[in-house]
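First comes the structure, then the notes that go with it.
The values are calculated or read from the model by the stated rules, or taken from the named source; none is laboratory data. What you see is a predicted model, and the numbers here were worked out from it, not measured in a lab. Don't worry about glycine lacking a Cβ; one is built from the backbone with ideal geometry, like all the others, and counts go over all protein chains shown. Areas reflect the complete protein model, heavy atoms only, side chains present, ligands, DNA and RNA absent. Shrake-Rupley method; radii C 1.70, N 1.55, O 1.52, S 1.80 Å.
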Amino acid sequence: MNYPFWDTQLPYGPLMGLIAVVHVFVSHFAIGGGLYLVIAETAARRAEDQARLAFLRTLSKFFLLTTVVFGALTGVAIWFIIGLLNPTATEALIHNFVWGWAIEWTFFLVEIAAAIVYFYGWERLSARDHLRIGWIYFAAAWLSLAVINGILTFMLTPGNWLASGDFWDGFLNPTYWASLVLRTGVCVLLAGTYALLVASRLPADRFKTSVVRYNALWALGGLLVTLPSFFWYFRIIPAANLQAATFMVYPLWSVHGSLLFAAALAFLVLVFGCLLPRRMHLSVALLIMLSALGWFASFEWFRESVRKPFAITGYLYANGLEVSRMDAYRKDGLLAHTTFRTGDDGADLFRHTCRSCHTLRGYRPLLAALDGTDPAFIAGTIRGIHKLKGNMPPFPGTAAEAGALADFLHRRTDRRPLAEIYRLEGTALGRKVYEVRCGRCHEFGGFNDKAESILGLTEKDYDDLLKNSGEIAEEMPAFSGSPAEKEALIQYLLSQKPGGAK
Ligand code: HEC
Ligand code: HEC
């Protein structure tokens, strides 16, 4: 814990996601667009098609502005934001791949220089030299993807690197090739969709028909590469990651979402790109672009969420704590290893262990789930935090630190009884008590279901179960609700039939 914590009111996950998705959307276009330009230019020059060459020139201006200006700016924004949000992960990536980054940087420099020469060279260079520069651009751009792809996939599947620490084990990791093919398909797909956007503004004549159809083929070709490679990628993800994600809403949504977006994209491109090319209006081209963005963003979202609770699987947790140092943290206390402290221990513990994924109230609000409980319950929950639904990292501190964090949180919760906060009584209150005090670790019919041991008991059994609940498991908090809450919980459990509980 060598870094201070960047403490703001912003929701960090969505902030990171937003910048990253915008950047990858532009940077993949930068690669596919390069390939599109050289291939289309070669064909147009061969056919001496001046109208097509003029179109490509317009496209290359749009291309230069999006990639060199917007792409480069958002790329810097990513470094800026990951450095702020997870400095330890950034440090690990730099240390392990320092030459990878250096090579990436070199390719990027060649890419940018070639893009500028290409754009200003339409008149100044001979046709052959102009095309050569185009190919140099594309090669450098694609190679920079091939490098960064190794580092991105490493974070989800570091493979043998965890044991060997070897650069190549981490770089050519299990998901490297599937992801490279997938991303190359995305590049081609995006080249087609951006070119459709530019072509949508042409007057509706025969020229537009041929340009739109040509661009539609690029989009469809790219999409055809991405679909099988997505399933290939999906199949190599370690079973443990997928299993942990099973109970989470986001990874599932994003897989379903990605398929819906891909279907919408294919439909729009087929109808307006191939069948009715003259109807390819700006609004349709924008819709196509949004579907492509949706598809790609869902994939990136899936990739990020299936990695939880890690930033680098098996090596570093999403909150910046190193797996290998967890024992030391638990033994000496996390604060003893924290370089930058503010004097408020509870707040520091919150920042370094929870704040990367939660705010107190607002984004993924932590307090709402703890309203109406007590410090002992909260401390117990913190000690068993990795057993809650949510794929969270284990708590990295001592029992006393769990207590300090619990006090910090409890002071900020609504401290009235559950009955008063939610205006409930009887079995409805009991259901709430279950949801708050048990349900985040045991969902009936869902996550870590314990219906078989919990339902169908007698009143006396329930009384004993709750009385001895502190001895069931180290990660399970003892029941510490009020007598009225206990009574309501038992009434609720008695009212539920084993197997049919809701
Ligand atoms: C790696 C990200 C991450 C970290 C770090 C993290 N959590 Fe979570 N937490 C989640 C996710 C994801 C959920 C599930 C949210 C959902 O189901 O909508 C969750 C759920 C919860 C819930 C249940 C919320 C509810 O409404 O059901 C509590 C309580 C909670 N976390 C407490 C904590 C505490 C305390 C810490 C710090 C010790 C912490 N979390 C650290 C990601 C994280
Ligand atoms: C912070 C998480 C957490 C909370 C909250 C929690 N439990 Fe548990 N519970 C566990 C863990 C961990 C185990 C050990 C077995 C396992 O890992 O699933 C367990 C085991 C049990 C078992 C043993 C049954 C078996 O088949 O293994 C019962 C019964 C049980 N819990 C009931 C409850 C009840 C009732 C509540 C609410 C009053 C509750 N739990 C709240 C984490 C929790």
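Working only within the range 155-166, note down all residues that are farther than 19 Å from F230 by Cβ and either out of contact with any strand residue (DSSP E or B) (no Cβ under 7 Å at 6 or more places or on another chain) or not assigned by TED's automatic domain parsing to the domain that holds W177 (or both).
Correct list: G159, N160, W161, L162, A163, S164, G165, D166.
Based on this model, can you work out whether S210 counts as assigned to a helix (DSSP H, G or I), assigned by TED's automatic domain parsing to the domain that holds L143 and more than 29 Å from the chain's Cα centre (by Cα)?
When the stated conditions are applied, S210 passes them.
Here is a yes/no grid of residues against (1) in contact with a Lys or Arg (Cβ under 9 Å, 6 or more places away or on another chain); (2) closer than 30 Å to R341 by Cα; (3) open to solvent by 40 Å² or more (accessible area, probe 1.4 Å):
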{"position": "P11", "(1), (2), (3)": "yes, yes, yes"}
{"position": "I39", "(1), (2), (3)": "no, no, yes"}
{"position": "R46", "(1), (2), (3)": "no, no, yes"}
{"position": "A51", "(1), (2), (3)": "no, no, yes"}
{"position": "F62", "(1), (2), (3)": "no, no, yes"}
{"position": "T74", "(1), (2), (3)": "no, no, no"}
{"position": "I78", "(1), (2), (3)": "no, yes, no"}
{"position": "G83", "(1), (2), (3)": "no, yes, no"}
{"position": "A92", "(1), (2), (3)": "no, yes, no"}
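Kindly provide the set of residues from the range 428-459 that are farther than 29 Å from Q243 by Cα, open to solvent by 30 Å² or more (accessible area, probe 1.4 Å) and modelled with pLDDT of 95 or more, ordered by number.
Within the range 428-459, A428 is the sole residue that qualifies.
Provide a single number: the residues in the range 406-427 that are more than 21 Å from L366 (Cα to Cα) and open to solvent by less than 40 Å² (accessible area, probe 1.4 Å).
Summing the residues that are more than 21 Å from L366 (Cα to Cα) and open to solvent by less than 40 Å² (accessible area, probe 1.4 Å) in the range 406-427 gives 0.
Just need a number here: residues in the range 384-429 that are within 16 Å of ligand 2 (Cβ to nearest atom), part of a helix (DSSP H, G or I) and in contact with an Asp or Glu (Cβ under 8 Å, 6 or more places away or on another chain).
5
Is the range 489-501 home to any residue that is open to solvent by 20 Å² or more (accessible area, probe 1.4 Å), within 12 Å of ligand 2 (Cβ to nearest atom) and under 27 Å from D414 (Cα atoms)?
No, the conditions are met nowhere in the range 489-501.
For I82, which of the numbered conditions (1) touching a Phe, Trp or Tyr at 6+ places or on another chain (Cβ under 7 Å); (2) in contact (Cβ under 8 Å) with a residue 40 or more places away in the chain; (3) of a type in the set (V, I, T) fails to hold?
Single failed check for I82: (1).
Could you tell me whether any residue of the range 235-255 is of a type in the set (V, I, T) and farther than 25 Å from K308 by Cα?
no
With respect to the numbered conditions (1) surrounded by fewer than 22 Cβ atoms within 10 Å (Cβ to Cβ); (2) of a type in the set (A, V, I, L, M, F, W, C); (3) farther than 23 Å from V68 by Cα, which one is the sole condition not fulfilled by L180?
Here L180 clears every test but (3).
Which ones in the range 442-481 are more than 40 Å from the chain's Cα centre (by Cα) and either part of a loop (DSSP other than H, G, I, E, B) or over 24 Å from L370 (Cβ atoms) (or both)?
Hits for the range 442-481 are G456, L457, T458, E459, K460, D461, D463, D464, N468.
Could you tell me whether any residue of the range 227-246 is aliphatic (A, V, I, L, M), under 20 Å from G32 (Cα atoms) and over 20 Å from the mean Cα position of the chain (by Cα)?
Among the residues of the range 227-246, not one is aliphatic (A, V, I, L, M), under 20 Å from G32 (Cα atoms) and over 20 Å from the mean Cα position of the chain (by Cα), which makes the answer no.
Which of (1) farther than 13 Å from P477 by Cβ; (2) touching a residue at least 60 places away in the same chain (Cβ under 8 Å); (3) open to solvent by 30 Å² or more (accessible area, probe 1.4 Å) does A376 not meet, given it meets every other one?
(1)
Select from the range 327-360 the residues that are of a type in the set (G, A, S) and surrounded by fewer than 20 Cβ atoms within 10 Å (Cβ to Cβ) and write down the one among them that is farthest from ligand 2 (Cβ to nearest atom).
G343
Of the numbered conditions (1) in contact with a His (Cβ under 9 Å, 6 or more places away or on another chain); (2) open to solvent by 20 Å² or more (accessible area, probe 1.4 Å); (3) touching a residue at least 24 places away in the same chain (Cβ under 8 Å), L370 satisfies every one except a single condition; which is it?
With (1) in contact with a His (Cβ under 9 Å, 6 or more places away or on another chain); (2) open to solvent by 20 Å² or more (accessible area, probe 1.4 Å); (3) touching a residue at least 24 places away in the same chain (Cβ under 8 Å) applied to L370, the lone miss is (2).
Among (1) touching a Ser or Thr at 6+ places or on another chain (Cβ under 8 Å); (2) assigned to a helix (DSSP H, G or I); (3) within 20 Å of L152 (Cβ to Cβ), where does D348 come up short?
Exception for D348: condition (3).
Please determine, by comparing only the residues of the range 94-137 that are touching a Lys or Arg at 6+ places or on another chain (Cβ under 9 Å) and in contact (Cβ under 8 Å) with a residue 60 or more places away in the chain, which one is least open to solvent (accessible area, probe 1.4 Å).
Out of the qualifying residues, it is H130.
Six or more apart or on different chains, Cβ atoms under 8 Å: show the pairs whose first residue is in the range 437-452 and under 14 Å from I378 (Cα atoms) and whose second is open to solvent by 30 Å² or more (accessible area, probe 1.4 Å) and more than 7 Å from ligand 2 (Cβ to nearest atom).
Within 8 Å, the pairs are R440/K389; C441/K389; C441/F447.
Based on what the data block shows, is Y12 touching a helix residue (DSSP H, G or I) at 6+ places or on another chain (Cβ under 9 Å) and under 30 Å from C357 (Cα atoms)?
Yes.
Which of (1) open to solvent by less than 50 Å² (accessible area, probe 1.4 Å); (2) under 30 Å from P228 (Cα atoms); (3) outside any strand (DSSP E or B); (4) not aromatic (F, W, Y) does G320 not meet, given it meets every other one?
Unmet condition: (2).
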